[in-house]
Structures are given as structure tokens and as C-alpha cells.
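Below you'll find the structure, written out as C-alpha cells, and then a few comments.
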Amino acid sequence: MIEEIAKLGLPVIIDDFHYIEHEVQRRLCQQMKNAAAQGVRFIVLNTPQRGDDPIRNNQDLAGRFFAVNVNFWETGGLKEIGTKGFQTLEVKVDEEILNVLSKECLGSPQLMQTLCLELGREYISLDRPYSHQAIKADGFDWARVRQRAVRSYDHTALYDKLKNGPPRRGQARNSYKLRNGSDGDVYDVIAYTLASDPPFLSIDLDHIRKRAETVLSDGGNQPNFSAALDQLNGLFETGHKPVEYDEEKRTINIIDPHFYFYLRTKAAETLG
């Protein structure tokens, strides 16, 4: 089969490489190396944070891959979605509002479009000409717009898996006092820490510990994040990991910005 594919001269495309189990990735990379030696070309589609996965799985592929980085959208491009959209409607929107939306949409143009749609539904009247209307920063309620938008991204099941952690065996988990006065275990702390400001798409373990200080009550002990994060990837089904822990790099990567938006919204409701 490899010889036939090589004769065609067409590349083999492997989509969503980041969703493949690591052991399967390793075997795939070995096969890619063998096939490449016979002239087969591969295109591996991966998240920006995991672009080096093929080489990490097989060092012999170093120098044989050319990276084409297509990162998450920058805030400037995302803001332009709102700017042009509302200009087309002839509705004036304060720049401060568009700055908030472009930051909170987490690099996703789809989410930016949803936020702009719900902003319009919240503040634009259908009974008056659009050109006579404006959305001002002093009357802008981000919580209301976010609540409207999150209805399009219901990730309740994944959110519960993250907060509940793996099944408990034996003794109960340690409890930690949160800033809002409630108590939570290590997975509650992880969920609220990930959801805290500012939003991110990749963060290392040291910064997780620093962010946890904004979630835990003053003077409270921090949980053992390393041990809990080692269990993180096992919480989700293969192919449906919205967030993952890279043990080698000691970083947490957001795979699905829409889930992260849901996580931040639900955490804000709970912690205030």
C-alpha cells in the first residue's frame, strides 16, 4: 500500500493528531518514518501547543517535518469581526466593549461571532432604526452577555468530569477553603484556578500554583497539583479532551476554547 500511495504523489493527511492516544501516536510516527523513506508525504494537523508531537514521539523525524503554524486568532483580528459587523448594521459600539469580547473569546472567531450576536440581542432594539442606536460602555453588562452566549456552548458533562475528578477510592480527598467561603477538593481548586483571570490557552505548572492563590483563602495550603494533574487526561474520553496536561512540558493546554468559555462562565457563577 505504501508503494501505491507513493506512486500517486498525494500527501496523507492525519487530522486531529492531538486526540490520538500517545501509544498510537508513537506507532503512527514510526510508520510515517518508514513510509517517508519511500516517498510518501504526510500532513499532520495538530493544535499549536502540540505541533512538535511527531518529533517528540520519534526523534528520527527531526529535520523531516516543516511546521506551518496557524495559531489561534489574535485579539486584533477578532475585534475586527465586531467592528465590521456593527459598522454594517450602523450601530455604534464603544471600543472598550469590543476589547472585552475579543479578549474573552479565547482566540475563537466562532465564539467572537456568538458574543457579538448576543450583544446585539441584549442591547439593540428592533423597533428603532439601527443607525439611531449605540451600545455604550457605561451601560454594558458583560455577565448578561456571557450568560446569553454560554447557552450555545453547553459542556455540562465535561465540566462535571473536571470538577469531580476520577472516582474516589478509599479515604476522602483533602478539603481546601476557597475565597468565597466554600470548601472544595483538589479538582474544585483546579477547575476554579483554570477559570480565573486572565484567560489563557497554555499555562505551566508554576503559574497554576500562582493563580491558585487568587482562588484559595489567604494562608491556605495548596493541594498537590502534580499528582492530580497526572489524572487529568484520564477524565475524558479519547478524542474528546477539551483540556489536557502535558506531563513532559508540565503545561496545561486548552484544546477546546468553547469548553474553556463554558468553564470560565460557570466558575464565575459559583465563585462570584
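Given the criteria surrounded by fewer than 16 Cβ atoms within 10 Å (Cβ to Cβ), over 19 Å from the mean Cα position of the chain (by Cα) and not in a loop (DSSP other than H, G, I, E, B), does residue 125 qualify?
So residue 125 does not fit the description; no.
Hey, residue 167 hits all of (1) touching a strand residue (DSSP E or B) at 6+ places or on another chain (Cβ under 6 Å); (2) assigned to a loop (DSSP other than H, G, I, E, B) but one; which does it fall short on?
Evaluating residue 167 over (1) touching a strand residue (DSSP E or B) at 6+ places or on another chain (Cβ under 6 Å); (2) assigned to a loop (DSSP other than H, G, I, E, B) leaves (1) as the failure.
How about the range 21-37: which of its residues are over 15 Å from residue 60 (Cα atoms) and in contact (Cβ under 8 Å) with a residue 12 or more places away in the chain? Explain how you work it out, then say what you get.
So in the range 21-37, the residues over 15 Å from residue 60 (Cα atoms) come out as 21-24.
The answer is 21, 22.
Which of the residues spanning the range 86-102 are surrounded by 15 or more Cβ atoms within 10 Å (Cβ to Cβ) and either touching a strand residue (DSSP E or B) at 6+ places or on another chain (Cβ under 9 Å) or within 18 Å of residue 260 (Cα to Cα) (or both)?
Those that are surrounded by 15 or more Cβ atoms within 10 Å (Cβ to Cβ) and either touching a strand residue (DSSP E or B) at 6+ places or on another chain (Cβ under 9 Å) or within 18 Å of residue 260 (Cα to Cα) (or both): 86, 91, 93, 94, 97, 100, 101, 102.
Does residue 120 meet the test of being outside the structural domain of residue 261 (by TED's automatic domain parsing), modelled with pLDDT under 95, closer than 28 Å to residue 73 by Cα and not basic (Lys, Arg)?
no
What number goes with the only condition from (1) part of a loop (DSSP other than H, G, I, E, B); (2) surrounded by 18 or more Cβ atoms within 10 Å (Cβ to Cβ); (3) among the aliphatic types (A, V, I, L, M) that residue 10 does not pass?
Failed condition: (2).
Picking from 8, 78, which residue would you name as being without any contact (Cβ under 8 Å) to a residue 12 or more places away in the chain and hydrophobic (A, V, I, L, M, F, W, C)? Walk me through it before giving the result.
Working: 78 fails: without any contact (Cβ under 8 Å) to a residue 12 or more places away in the chain.
Of 8, 78, the one residue that is without any contact (Cβ under 8 Å) to a residue 12 or more places away in the chain and hydrophobic (A, V, I, L, M, F, W, C) is 8.
Residue 206: closer than 30 Å to residue 99 by Cβ, out of contact with any Ser or Thr (no Cβ under 7 Å at 6 or more places or on another chain) and of a type in the set (Asp, Glu), yes or no?
yes
Looking at 157, 149, 191, can you tell me which residue is under 30 Å from residue 50 (Cβ atoms), free of Cβ contacts under 8 Å to residues at least 40 places away in the same chain and assigned to a helix (DSSP H, G or I)?
157
Do we have any residue at all in the range 57-70 that's of a type in the set (A, V, I, L, M), modelled with pLDDT under 80 and within 29 Å of residue 235 (Cα to Cα)?
Yes, there is a match, as at least one residue in the range 57-70 is of a type in the set (A, V, I, L, M), modelled with pLDDT under 80 and within 29 Å of residue 235 (Cα to Cα).
Hey, can you tell me all the residues within the range 128-146 that are surrounded by fewer than 12 Cβ atoms within 10 Å (Cβ to Cβ) and not in a helix (DSSP H, G or I)?
Of the range 128-146, the ones surrounded by fewer than 12 Cβ atoms within 10 Å (Cβ to Cβ) are 128-129, 131-132, 138-139, 141, 143.
Of everything in the range 128-146, those that are surrounded by fewer than 12 Cβ atoms within 10 Å (Cβ to Cβ) and not in a helix (DSSP H, G or I) turn out to be 128, 129, 141.
Report, by residue number, each residue of the range 233-255 that is of a type in the set (A, V, I, L, M) and touching a Lys or Arg at 6+ places or on another chain (Cβ under 9 Å).
Within the range 233-255, the first condition is being of a type in the set (A, V, I, L, M), and the residues that meet it are 235, 243, 252, 254-255.
Result: 235, 255.
Of these, 237, 244, which one is in contact with a helix residue (DSSP H, G or I) (Cβ under 9 Å, 6 or more places away or on another chain) and of a type in the set (Asp, Glu)?
Just one listed residue meets the conditions, 244.
Does the range 66-82 hold any residues that are surrounded by 15 or more Cβ atoms within 10 Å (Cβ to Cβ) and either over 17 Å from the mean Cα position of the chain (by Cα) or of a type in the set (A, V, I, L, M) (or both), and which are they?
Residues of the range 66-82 surrounded by 15 or more Cβ atoms within 10 Å (Cβ to Cβ): 72-73, 75, 78-82.
Residues satisfying the conditions are 78, 79, 80, 81, 82.
The values are calculated or read from the model by the stated rules, or taken from the named source; none is laboratory data. None of these values were measured; they are calculated from a predicted model. Neighbour counts are summed over all protein chains in view; Cβ atoms, including those assigned to glycine, are modelled from backbone coordinates with ideal geometry.
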